[in-house]
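For reference, the structure is listed below as C-alpha cells.
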Amino acid sequence: MTARTGGRAERGPQGREHTGRARCCRRMRNGGGTVHGEYKIPGGKLVVVDVAAEDGVLRHVRVAGDFFLEPDEALDAVNRALEGAPADTDAAGLAARIDAALPEGTVMYGLTSEGVGIAVRRALAHATDWTDYDWQLIHEGPESPALHMALDEVLTAEVAAGRRPPTLRVWEWGAPAVIIGSFQSLRNEVDAEGAARHGIEVVRRISGGGAMFVEPGNTITYSLSVPEALVQGLSFQDSYAYLDDWVLGALGEMGIRAWYQPLNDIATDQGKIAGAAQKRVVGPGGGPGAVLHHVTMSYDIDADKMLQVLRIGREKMSDKGTKSAKKRVDPLRRQTGLAREAVIERMISSFGGRYGLSRGKVTDEELERARELARTKFSSAEWTARVP
C-alpha cells in the first residue's frame, strides 16, 4: 500500500520493514573519522558541518550550506575559529569563537554563528535529520479530550520503543475542553463554575506549559512524536524552534508571515496564533527515547467564553505585553480566509512535500492501551487535580 502526500510516495504501515529507526542511507560518519551534522536555522538556511573530534578537540572542520555570507574569506574564518576548539564546547561557546574571528563588516544572511555551533553539536551527538525517517500521518475522527491526552502518551512511548515510526497526528476534537499543563494549579487556571456552565471538560496533559481553551471546529491541534535523536545537540529552547519550523513554512505558503516566539509560541504581527508544549519520554531500559511536541492553533475563538472559563492573571498578561486577553490571540480563519479543513490539508501537504508522509492509523493495541489510560488516568480526579 502506498500513499502520496506532497509529491513523495512511501510504503504504508503494513509494508514497512522498520519503524522508528533512522534510515541507513544518510551519511552519519564520513571517511577519516569525521561526523556529519545538519541544522536548518529557523527562518533561515541549512548549515552543514563535517568535523572530527581528535584528542578532545575539533579537527578537519568544514562548514557548508545554502546560506549567504560576505566576504568570501569569512567562511575560512569560521572554519579556523572552530579548528582546535575543545570538543565539549557548547553551541554558545562555539558561536563566541566564530564571532571573534569574523572579518570586520561580515554579513550573514540565513546564517548565524549560533546556528553553526548547533550544527557542530548535532554532528558530534550523531543527531538524525527529518529526512532520515519514514513519517506516518494519523488523522482520524473526533475523540474525547481524555483519549487525546492518552494517545499522545501511548504513541510517543511506542516511538521511543522503536515499534512505531515518527508520527504526525492531527487531532479532531469530540468535545470542547480546557487542557491545563502538567504543573499548573487547577483552581488557579480554571473557573470551575464557568466550565460547568458551558459544558467544558477539563483535562491535564503530560507536558508543561499553559492552559489551552479548545472547541471543535475552532481549533487545529497536532502532535509530533519523534525519536530523541532528531533533536540531539539542541537546547530545549532550540528544539521548539526546530520542531516548529515546518509549520512556519506551511503558514508562509498560505500567505501568513509567522515566526517562533520563545519559548513556545507561534506569532504574527497580528498576534499569537499557536502555543506548543513538549514532553521527553525515556526509552526502554533508560535508553534513547522520544519527544512529544504538540501544538494548538487558534482557527477561530469565542474569546468571551474563554474568559469565563480560564483565569488569565494580570502577571501573565503583563509578561505578554498586552492589556487584553482578547487581543493576545488572532485566529487563522481571519488571517487565511480559508476553511479549517483547507488549512489542515495545506499543512499536511507542506509537511509531506518536505519530508515525505504516509497515511497510517492508530493500531488496535495502541487504541486499547490509550482507552484504558484515558479511563484510569486522564479522566480521574486524582490526575486532573494533582496540583489543586
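The values are calculated or read from the model by the stated rules, or taken from the named source; none is laboratory data. Everything numeric here is computed off the predicted structure, so don't read it as measured data. Backbone-built Cβ (ideal geometry, glycine too); neighbour counts: all protein chains shown. Accessible surface areas use protein heavy atoms only, side chains included; no ligands, DNA or RNA. Shrake-Rupley method; radii C 1.70, N 1.55, O 1.52, S 1.80 Å.
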Based on the alpha-carbon gyration tensor of the chain and its eigenvalue square roots a ≥ b ≥ c, which shape applies: rounded if a/c is under 1.5, prolate if not and a/b is larger than b/c, or oblate?
-> prolate
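Quick check: net charge around Ser379, other residues with Cβ under 12 Å of its Cβ, Lys/Arg +1 and Asp/Glu -1? Intermediate values should be presented prior to the final figure.
Working: positive: Arg204, Arg371, Arg375, Lys377; negative: Glu201, Glu372, Glu382.
With Lys, Arg at +1 and Asp, Glu at -1, the net is +1.
Which net charge results when you count Lys and Arg as +1 and Asp and Glu as -1 among the other residues whose beta-carbon is under 11 Å from that of Ala195?
Numbers: positive: Arg197, Lys305, Arg311; negative: Glu189, Asp191, Glu193, Glu201.
Net of charged neighbours comes to -1.
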Kindly list the residues of the stretch 198-237 that lie in the label zone of Arg386, defined by a backbone N under 19 Å from the point 7 Å along the Cα-to-C-beta vector.
-> 202-212
Using a simple spin-label model with points 7 Å from Cα along the Cα→Cβ vector, what separation in nm is obtained for His139 and Leu338?
-> 1.0 nm
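Hey, what did the chain get for relative contact order, percent, Cα under 8 Å, at least 6 apart? Can you show the working numbers first?
Details: 803 pairs, mean separation 80.3, N = 388.
Here the relative contact order equals 21 percent.
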With Met108 itself left out, Lys, Arg at +1 and Asp, Glu at -1 over residues whose Cβ is under 10 Å from its Cβ give 0
Take the solvent-accessible surface of the protein heavy atoms, probe 1.4 Å, and return the percent of it on the stretch 35-125 that carbon and sulfur atoms account for.
-> 50 percent
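Take every DSSP beta bridge whose two residues both sit in the stretch 136-385, then give the antiparallel share in percent to the nearest 5.
On the way: 32 of 44 bridges.
Roughly 75 percent of the beta bridges in the stretch 136-385 run antiparallel, per DSSP.
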Shape of the stretch 109-159, Cα gyration tensor, a/c cut at 1.5 = prolate
Expressed as a whole number of Å, what is the distance separating the alpha-carbon centroids of the stretch 111-181 and the stretch 43-101?
-> 30 Å
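Could you list, in their original order, any pairs among Lys45/Lys279; Lys40/Lys377; Lys45/Lys272 whose Cα atoms are separated by more than 30 Å?
From Lys45/Lys279; Lys40/Lys377; Lys45/Lys272, over 30 Å: Lys40/Lys377.
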For the stretch 136-385, size of Cβ-based charge dipole, Lys and Arg +1, Asp and Glu -1, in debye = 500 debye
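Using unit Cβ charges (K, R positive; D, E negative) and no other charged atoms, how large, in debye to the nearest 20, is the dipole of the stretch 45-127 about its Cα centre? Spell out each step's value before the answer.
On the way: 7 positive and 14 negative charges, 52 e Å.
It comes to approximately 260 debye.
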Measuring from label point to label point, each 7 Å out along Cα→Cβ, what is the Ala87 to Glu253 span in nm?
-> 4.0 nm
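So for each of 289-299, 234-244 I average, over its residues, the number of other beta carbons within 10 Å; can you give me the resulting order with the highest mean first?
The most tightly packed comes first, giving 289-299, 234-244.
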Per the 1.4 Å probe, what fraction of the accessible area of the stretch 136-385, in percent, lies on carbon and sulfur atoms?
-> 47 percent
Given a 1.4 Å probe, the accessible area of the stretch 71-185 per residue, as a whole number of Å², is 33 Å²
